[in-house]
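Novice: Before I ask anything, here is the structure I am working with.
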Amino acid sequence: MNDTVALVVVALVVLVVVVLLVFLAARKKKSDGLRQQFGPEYDRSVEKSGKRRDAERDLQQRTERRNTLDIRSLEPQRRDMFAAEWRITQEDFVDSPGEAVRSANALVERVMQEVGYPVGDFEQMSRDLSVDHAQVMSEYRSAHDLSELNDRKQATTEQQRQAMVHYRSLFTELLDAGDGGDADSAQPRRSPERGHDRS
């Protein structure tokens, strides 16, 4: 009788250990998947929330919301039109850097809207974009911060130039998404030139 009880206890312990190991393996797989998908955005979320579990829950919620959006590729003609507008905006930087930064921000939002991302609240826009474009989110946030400085007329010409470079990163990704990776026609032809400080 005692042997039977002992065997049952051992079996239960083994079962609990197996279930625990399966649970931990599944959790690690989920964490690894989110880390791979979100890259630096994963680390940023963990640092911001202070708890990995909360950060992963947030990232999962972003993914679920993104899956409800109708994200689509640009038609080739629209893509070419936006690329041409970017080149004009970039050329305008030489004579009017402040206005060029405002135009770049507006153009990025127009492209976002056309491919299916809701625009309006910057934080929500960032969360939505982070699911598909995590690698350039730090640049987009930097562009936004510099754009706000620009709107307050507190940005130096170098900061305005940096804003344009950062906006270009997301702009290019949005244009290239789903087109087979032909980046040449979307890539702006030259970086904004350095000019004298006009702040």
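Novice: Do you know which residues across the stretch 71-87 are of a type outside the set (A, V, I, L, M), outside any helix (DSSP H, G or I) and surrounded by 14 or more Cβ atoms within 10 Å (Cβ to Cβ)?
Specialist: Step one: filter the stretch 71-87 for residues of a type outside the set (A, V, I, L, M), giving 72-73, 75-80, 82, 85-87.
Filter again for outside any helix (DSSP H, G or I), leaving 72-73, 75.
Passing the criteria: only SER73.
Novice: Next up: Using the structure shown, decide if ARG65 is closer than 18 Å to LEU170 by Cβ and not aliphatic (A, V, I, L, M). Before you say what the answer is, go through the steps one by one.
Specialist: Working: closer than 18 Å to LEU170 by Cβ: no; not aliphatic (A, V, I, L, M): yes.
Taking the combined requirement at face value, the residue does not satisfy it.
Novice: Report the residue count in the stretch 111-121 for those that are in a helix (DSSP H, G or I) and either over 20 Å from the mean Cα position of the chain (by Cα) or surrounded by fewer than 15 Cβ atoms within 10 Å (Cβ to Cβ) (or both).
Specialist: As a first pass, look at the stretch 111-121 and keep what is in a helix (DSSP H, G or I): 111-115.
Now drop any that are not either over 20 Å from the mean Cα position of the chain (by Cα) or surrounded by fewer than 15 Cβ atoms within 10 Å (Cβ to Cβ) (or both), which leaves 113.
Within the stretch 111-121, residues that are in a helix (DSSP H, G or I) and either over 20 Å from the mean Cα position of the chain (by Cα) or surrounded by fewer than 15 Cβ atoms within 10 Å (Cβ to Cβ) (or both) number 1.
Novice: Conditions first: (1) surrounded by 15 or more Cβ atoms within 10 Å (Cβ to Cβ); (2) in a loop (DSSP other than H, G, I, E, B). GLN90 passes all but one, so which condition is the exception?
Specialist: Condition not satisfied by GLN90: (2).
Novice: Further question: Let me confirm something: among ARG110, ARG127, which residue is basic (Lys, Arg) and at pLDDT 95 or above? Break it down stepwise before answering.
Specialist: Working: ARG127 fails: at pLDDT 95 or above.
Sole residue among the options that is basic (Lys, Arg) and at pLDDT 95 or above: ARG110.
Novice: Residues SER147, SER103: which one is over 28 Å from LEU59 (Cα atoms) and not assigned by TED's automatic domain parsing to the domain that holds ASP43?
Specialist: Values: SER147 fails: over 28 Å from LEU59 (Cα atoms).
Going through SER147, SER103 in turn, the sole match is SER103.
The values are calculated or read from the model by the stated rules, or taken from the named source; none is laboratory data. Computed from a predicted model, the values in this text were never measured in an experiment. Reconstructed Cβ throughout: ideal geometry from the backbone, glycine too, with neighbour counts over all protein chains shown.
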